[in-house]
Each structure stands twice: as C-alpha cells, then as structure tokens.
1. Out of the residues in region 60-110 that are outside any loop (DSSP other than H, G, I, E, B) and of a type in the set (Asp, Glu), which is farthest from the chain's Cα centre (by Cα)?
2. Would you kindly identify the helices (runs of 4 or more DSSP H) lying entirely within region 183-286 that contain at least 1 residues that are basic (Lys, Arg)?
3. Pick out the one residue from Ser17, Ser34 that is outside any helix (DSSP H, G or I) and over 18 Å from the mean Cα position of the chain (by Cα).
4. Can you name the number of the only condition in (1) at pLDDT below 95; (2) open to solvent by less than 20 Å² (accessible area, probe 1.4 Å) that Gly1 fails?
5. I'm trying to understand the selection: among the residues of region 216-262, which are among the acidic types (Asp, Glu) and buried (at least 23 other Cβ atoms within 10 Å of the Cβ)?
6. Select from region 50-67 the residues that are surrounded by 15 or more Cβ atoms within 10 Å (Cβ to Cβ) and farther than 21 Å from Glu209 by Cβ and list them in ascending order.
7. When region 255-286 is examined, which residues are found to be within 22 Å of Glu18 (Cα to Cα) and in contact with a Pro (Cβ under 8 Å, 6 or more places away or on another chain)?
8. Touching a helix residue (DSSP H, G or I) at 6+ places or on another chain (Cβ under 7 Å), buried (at least 20 other Cβ atoms within 10 Å of the Cβ) and either more than 17 Å from Leu36 (Cα to Cα) or not small (Gly, Ala, Ser) (or both): does that describe His173?
Amino acid sequence: GVADMAGDSRYFGQLTSEGFDVYVYDVVGSGHSSRLKDVRGYTVDRDVEDLEFIRQKIGTDKIILIGHSYGGEIAAHYMSKYGSHVEKAVFISPGPINPKDTSSANLINRLTFTEKLPVYKELFAPRAIMTYGLLQVNPDAAHRFAGDKEMDARYDKLYAKVLPALHAKGKPHGPKLSNLGFYVSQVSFTPWAKPQPDIRHALSKSDTESLIIKASADYLSWSSAIDYKKALRNSTLIYFPDAGHNVYQDLPNEVMAVLKAFLTDRPLPVEAYKGINPPADYEGVH
C-alpha cells in the first residue's frame with residue numbers, strides 16, 4: 001500500500017526476534033521504486049509478478065505474506081496464482097477482493113468538515129484538476145502534462161492532510177511520508193483501468209493458514225474483510241476496537257503480539273471474532 005520503507009522496516013522488523021527473515025519493499029511506482037513510463041502498466045497483475053520475482057530472488061520456496069491495505073490485495077491475488085509458495089498469510093485492513101466493493105473511495109468521508117477543507121484545496125488546484133481530468137481519458141497526455149516529480153509532490157501534501165482518516169479518534173497520526181507515487185495510486189480509479197478479477201472462488205481452494213485483522217474505525221467496508229474470511233477456509237479474524245485503518249500504528253504492541261503468536265503457532269493473545277455481521281461499535285460502512 002502506502003510506501004513507508006523506514007517505518008515498516010522498524011515495525012515488522014521486530015519479527016526477526018522470532019527467527020524470521022523480514023523483507024519490506026516498495027511497490028513499483030511508489031517510494032524508492034521506479035516509475036513506469038506508461039502509467040497503464042500499474043496493475044495488480046504486474047504487482048503479483050513483481051512479488052513472485054522477489055520470492056525467486058530471495059531464493060526460497062515458501063514465503064509468509066503480510067499485507068496492509070492494498071498490500072493485502074496483492075497478497076490475496078498472489079495466493080490465487082502462486083498459492084503453493086505461501087506458508088502463511090496475514091491481511092491487515094485488507095483492500096477489497098470483491099470487484100463490486102467501492103469502499104476504497106470512502107477515505108475522505110471519515111474527515112470532519114474542518115479537516116476536509118485543506119483536502120479540497122489540494123484537490124481543486126487548477127493543475128491538479130487538469131491532470132486528474134486528463135488521466136481519466138488520456139493517461140499518456142496526463143503524464144506528459146504533469147510528470148511524476150510534480151504529481152508525487154502534490155500527492156504527498158494530500159496524503160498528509162488525510163492522515164486523520166487513517167486513525168481512530170485520539171490516536172497519534174502516522175509519520176509524514178514522501179515520494180508516495182501519485183499515478184500508481186490513481187490508475188485503479190480511472191474508467192480505462194483493467195477491472196480486477198474476482199479471485200474469491202480461487203482463494204476458496206486454498207488451505208493456507210491466514211489471519212485477517214480488522215479495526216473499528218477502518219474506512220474500508222466491513223464486508224471487505226469478511227470476503228477474505230468467507231473465501232479462506234483456514235482463516236481467523238481478529239477485531240480491534242479503538243483503532244483505524246492503520247491499526248498497527250494505532251495499537252502497535254497489540255498487533256505485534258498477535259502477529260508473533262500467529263506466526264509461531266502459539267495461542268493468540270486475543271479472542272478471534274466469530275461473527276459475520278459487524279460489531280456494534282464498527283464505525284465504517286457495512
């Protein structure tokens with residue numbers, strides 16, 4: 001998902017204390033990774049093949065996948081194609097695998113009116129509007145009109161203004177990030193983008209042990225997590241109240257304790273969520 005190489009390396013690097021080798025990477029088009037000349041190349045299929053190349057480069061037959069947000073989607077799509085290489089999988093606030101789920105667009109709705117004003121100021125800047133409009137009909141023209149350097153800088157400013165929507169009320173916001181990648185983050189919302197395939201049936205054939213983590217203030221739909229639970233027959237759902245989409249930043253110790261227990265086959269320190277319907281305190285859409 002969002003490229004935070006330094007922060008994610010520090011956090012998930014804690015798993016080395018349990019004997020794991022931990023690899024963190026930036027998806028192409030974001031962070032320290034390359035930008036594509038043709039922005040139409042930013043697809044989940046490309047991201048899956050990049051992940052498979054990384055597995056081969058590491059030189060191991062089996063990997064454990066931990067994906068947050070869009071990273072969860074990549075992990076799920078990877079499992080649907082290369083499932084034999086996945087030992088275990090963890091999906092943290094995972095992005096939707098149902099192509100009809102549009103809750104990814106709900107982020108701004110979690111902001112207060114006062115918080116929305118600076119967001120709209122960024123969105124409605126003339127060059128930003130022109131670039132976004134061009135991107136809907138002619139991605140090459142948009143990329144020529146406003147290149148990666150300019151739009152990445154604009155996107156970084158926008159991301160900083162939507163940080164409250166990624167956390168539960170009263171929780172500290174995550175770090176200020178840069179070089180996040182405008183075009184890779186926007187292509188999936190364009191009319192010309194290739195629709196993502198529905199992989200739920202393919203995942204239903206998997207018996208890979210999986211962990212799904214969902215939080216009460218996630219802007220993504222409740223069903224986005226339940227779709228994983230229904231598809232993956234050997235999965236466990238953990239629900240955290242008082243946490244947002246970036247649940248591992250809101251509750252770092254609690255989430256890490258669950259991760260370590262799951263990955264080392266120890267009893268989980270919190271009780272699994274057994275239901276299908278959302279808890280009473282769930283704040284997002286169903």
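1. At the first step, the residues of region 60-110 found to be outside any loop (DSSP other than H, G, I, E, B) are 63-68, 70-92, 103-110.
Applying the additional criterion that residues be of a type in the set (Asp, Glu) yields 73, 87.
On the way: Glu73: 7, Glu87: 20 Å.
Checking each candidate, the answer is Glu87.
2. Values: elements: 200-203, 222-231, 247-250, 252-263.
Once the helices (runs of 4 or more DSSP H) in region 183-286 are filtered for at least 1 residues that are basic (Lys, Arg), what remains is 200-203, 222-231, 252-263.
3. Values: Ser17 fails: outside any helix (DSSP H, G or I).
It is Ser34.
4. That leaves (2) as the condition not met.
5. Residues of region 216-262 among the acidic types (Asp, Glu): 218, 227, 242, 250, 254.
Answer for region 216-262, where residues must be among the acidic types (Asp, Glu) and buried (at least 23 other Cβ atoms within 10 Å of the Cβ): Asp218, Asp250.
6. Result: Asp50, single match.
7. Ala257, Val258, Ala261
8. Details: touching a helix residue (DSSP H, G or I) at 6+ places or on another chain (Cβ under 7 Å): yes; buried (at least 20 other Cβ atoms within 10 Å of the Cβ): no; either more than 17 Å from Leu36 (Cα to Cα) or not small (Gly, Ala, Ser) (or both): yes.
Against the criterion (touching a helix residue (DSSP H, G or I) at 6+ places or on another chain (Cβ under 7 Å), buried (at least 20 other Cβ atoms within 10 Å of the Cβ) and either more than 17 Å from Leu36 (Cα to Cα) or not small (Gly, Ala, Ser) (or both)), His173 does not qualify.
The values are calculated or read from the model by the stated rules, or taken from the named source; none is laboratory data. Quantities reported herein were computed from a predicted structural model and do not represent experimental measurements. As a convention, Cβ positions derive from the backbone with ideal geometry for all residues, glycine included, and neighbour counts pool all protein chains shown. The accessibility values were calculated without ligands, DNA or RNA, using every heavy atom of the protein model including side chains. Shrake-Rupley method; radii C 1.70, N 1.55, O 1.52, S 1.80 Å.
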